[in-house]
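The structure under discussion appears below in the form of structure tokens.
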Amino acid sequence: MDYRQAAVKFTEVFNNYYPSAVGMKALFQAAKSYQNLGNNTKAQSMYERIYRQLGENEFQSQALYELIRFSLSEKKFEQANAMVNDFGRRFSASPLYASVLLLQMESFLAQQRYSEVQSAALNYLQKYGEHKEQLDDVHYWAGYSAFQNKDDETALQQFNVLLTDYPQTRFKENVLLAEIALEEAQNAKSV
């Protein structure tokens with residue numbers, strides 16, 4: 001079965017079984033099928049319906065996650081950030097919340113909103129500690145943002161954690177260059 005046939009079948013199941021869990025799952029799978037076909041307009045419409053129109057359901061957080069991804073890919077940053085905040089209010093216990101926060105940090109970085117990146121990264125590290133993937137990315141983002149914000153102490157702290165706990169990090173060269181720049185700045189201040 002191809003994605004087009006799957007989308008049609010899932011839509012039929014939704015129409016026959018909504019409002020049951022089977023019906024909701026079918027609508028979500030139909031949206032995924034349209035997304036896989038590249039029909040993002042149809043997929044977004046279905047995700048919006050799941051998220052905003054069909055009341056409380058077990059697929060709302062997943063639909064919102066997909067809507068956030070679409071908004072970010074379309075560079076609709078303010079819309080995406082509003083949805084991230086809504087996700088945090090409504091679904092902070094969801095396993096997807098950590099991924100949503102990573103997406104938000106990446107969008108803040110793209111916009112050079114370093115204070116927000118630093119705050120989000122430090123909060124993420126406090127909340128998730130050693131329990132999530134991509135922690136070296138988050139430590140780097142926290143350090144890089146602190147460096148951009150002239151918060152040398154936080155930058156050095158995050159860079160040291162990165163070099164100590166993640167010796168194979170892909171950011172190693174960038175971190176070493178930033179540490180040299182920080183040391184030079186500190187030496188210049190002390191002269």
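The values are calculated or read from the model by the stated rules, or taken from the named source; none is laboratory data. Bear in mind the structure is a predicted one, so any value in this text is a computation, not a measurement. Every residue, glycine among them, receives a Cβ derived from its backbone with ideal geometry; neighbour counts consider all protein chains shown. Heavy atoms of the whole protein, side chains included, go into the accessibility calculation; ligands, DNA and RNA do not. Shrake-Rupley method; radii C 1.70, N 1.55, O 1.52, S 1.80 Å.
Select from the stretch 107-176 those GluC sites (Glu not before Pro) which occupy a DSSP coil region and have at most 15 other Cβ atoms within 10 Å, ordered by residue number.
Numbers: sites: 116, 130, 133, 153, 173; in loops: 130, 133.
Passing sites in the stretch 107-176 are 130, 133.
Below 15 angstrom from the Cβ of residue 116, what's the summed charge of the other residues (Lys, Arg +1; Asp, Glu -1)?
Taking every other residue near residue 116 into account, the sum is -2.
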Can you give the extra length, in nm with one decimal, that the chain gains between residue 157 and residue 5 once fully stretched, where that is 0.36 nm per residue apart less the Cα-Cα distance?
49.4 nm
Test item: Cα-centred dipole of the stretch 1-148, Lys/Arg +1 and Asp/Glu -1 on Cβ, debye
400
Which pairs break 25 Å Cα to Cα here: 25/75; 9/76; 32/75; 76/172?
25/75; 9/76; 76/172
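Report the calculated FRET efficiency for residue 190 and residue 134 (r = Cβ-Cβ distance, R0 = 45 Å), to the nearest 0.05. Intermediate results must be reported in sequence, preceding the final value.
Values: r = 36 Å, r/R0 = 0.81.
About 0.80, to the nearest 0.05.
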Pop out the carbon and sulfur fraction of the accessible area of the chain as a percent, whole number, probe 1.4 Å.
47
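Take each complete run of DSSP H in the chain, measure how far its Cα atoms stretch along the helix's own axis, and keep only those covering 15 Å or more with mean Kyte-Doolittle hydropathy at least 0.5; list them.
On the way: long enough: 3-17 (20 Å, -0.54); 21-37 (24 Å, 0.17); 60-73 (20 Å, 0.13); 77-91 (20 Å, -0.59); 97-110 (20 Å, 1.27); 114-128 (20 Å, -0.53); 135-148 (19 Å, -0.29); 152-165 (19 Å, -0.16); 172-190 (27 Å, -0.31).
Qualifying helices: 97-110.
With a Förster radius of 25 Å, plug the Cβ-Cβ distance of residue 75 and residue 148 into 1/(1 + (r/R0)^6) and report the FRET value to the nearest 0.05.
0.75
Quick one: plug the Kirkwood hydrodynamic radius of the stretch 77-191 (C-alpha pairs) into Stokes-Einstein at 10 °C, 1.306 mPa s, and report D in µm²/s. All intermediate terms of the calculation are to be shown ahead of the outcome.
Details: Rh = 14.8 Å.
Calculated translational D: 107 µm²/s.
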Taking every other residue with Cβ under 10 Å from the Cβ of residue 35 and scoring Lys and Arg +1, Asp and Glu -1, one gets +2
Qualifying GluC sites (Glu not before Pro) in the stretch 12-74, DSSP loop, other Cβ atoms within 10 Å at most 13:
56, 58, 74
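Set the Förster radius R0 to 30 Å, insert the Cβ-Cβ distance between residue 36 and residue 93 as r into 1/(1 + (r/R0)^6), and round the FRET efficiency to 0.05. List each step's numbers first, then the result.
Numbers: r = 28 Å, r/R0 = 0.95.
It comes to 0.60.
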